[in-house]
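The values are calculated or read from the model by the stated rules, or taken from the named source; none is laboratory data. Note that the structure is a prediction, hence the values are computed from the model and not measured. Backbone-built Cβ (ideal geometry, glycine too); neighbour counts: all protein chains shown.
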Amino acid sequence: MNPVSILLLGFAMSTDAFAAAIGKGAAMVRPRLGQALRAGLIFGVIEAITPVLGWLLGKGAARYIESWDHWVAFGLLVVLGLHMIWNGVRPDADEPADEAKKHGFVALALTGLSTSIDALAVGVGLAFVDMPIAVVAVVIGLCTFSMVTLGIMLGRVLGAMVGRRAEVLGGIVLIGVGAVILYEHLSR
């Protein structure tokens, strides 16, 4: 994977957190920069740790599926991308109305963890293509920190509509990154 792909992956992983941050920001009364930075830090740290955990899990399984590892990475990224697209276009009927009003550390950490499950799966996929996980994890964490901070601040202005579109775009980017990984391995 080249640096542009890693950066795109970082932003793709941060879009669901961005969508959640817009929702949180929309529910807050005039969020301050300090609140946005705090949320960005919580989400960013969690989002940086989860691909490392996934990578460690994937490394344990890598020797068993070395000959078709690029297909595993491609499949995981496509499934995650499609899931993100689905989440971006489906109605919000199952979300509790009072959840957006909770902004404490535990609520932010749980939201950050729930939006980072895709990064865990991406970490598993990256273990099969021997990626430098430290670089990828830092990029994902920094992208998430930036996007969540921005999302909180934009939440009052933009509302949930833009956040859902961001998640769709992130899903498309994930599918594209999966296609690049597959192409790079098949063209060797």
(request) Find all pairs meeting these conditions: Cβ atoms under 7 angstrom apart; at least six residues apart or on different chains; first residue within the stretch 119-142 and farther than 17 Å from Asp16 by Cβ; second residue of a type outside the set (Phe, Trp, Tyr) and not in a helix (DSSP H, G or I). (result) Phe128/Ile65; Met131/Met1
(request) Search the stretch 89-121 for residues being out of contact with any Leu (no Cβ under 8 Å at 6 or more places or on another chain) and buried (at least 18 other Cβ atoms within 10 Å of the Cβ), and hand back the single one that is modelled with the lowest pLDDT. (result) Ala100
(message) Please go through (1) of a type in the set (A, V, I, L, M); (2) crowded, with 23+ Cβ neighbours inside 10 Å; (3) part of a loop (DSSP other than H, G, I, E, B) for Ala48 and return the number of the only condition it doesn't satisfy.
(response) (3)
(request) Would you mind telling me which numbered condition in (1) under 10 Å from Thr149 (Cβ atoms); (2) at pLDDT 95 or above; (3) more than 11 Å from the chain's Cα centre (by Cα) Gly44 fails? (result) (3)
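Look through Val162, Val138 and report the one residue that is modelled with pLDDT of 75 or more and β-branched (Val, Ile, Thr). Before you say what the answer is, go through the steps one by one.
Working: Val162 fails: modelled with pLDDT of 75 or more.
The unique qualifying residue is Val138.
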(request) Go through the stretch 9-45 and give me each residue that's assigned to a loop (DSSP other than H, G, I, E, B) and either in contact with an Asp or Glu (Cβ under 7 Å, 6 or more places away or on another chain) or touching a residue at least 12 places away in the same chain (Cβ under 8 Å) (or both). (result) Met28, Arg30, Pro31
(request) Give the residues of the stretch 130-144 that are of a type in the set (Val, Ile, Thr) and under 13 Å from the mean Cα position of the chain (by Cα), sorted by residue number. (result) Val136, Val138, Val139, Ile140, Thr144
(request) Looking only at the stretch 7-15, decide whether some residue is within 20 Å of Gly141 (Cα to Cα), out of contact with any His (no Cβ under 7 Å at 6 or more places or on another chain) and either of a type in the set (Ser, Thr, Tyr) or at pLDDT below 85 (or both). (result) yes
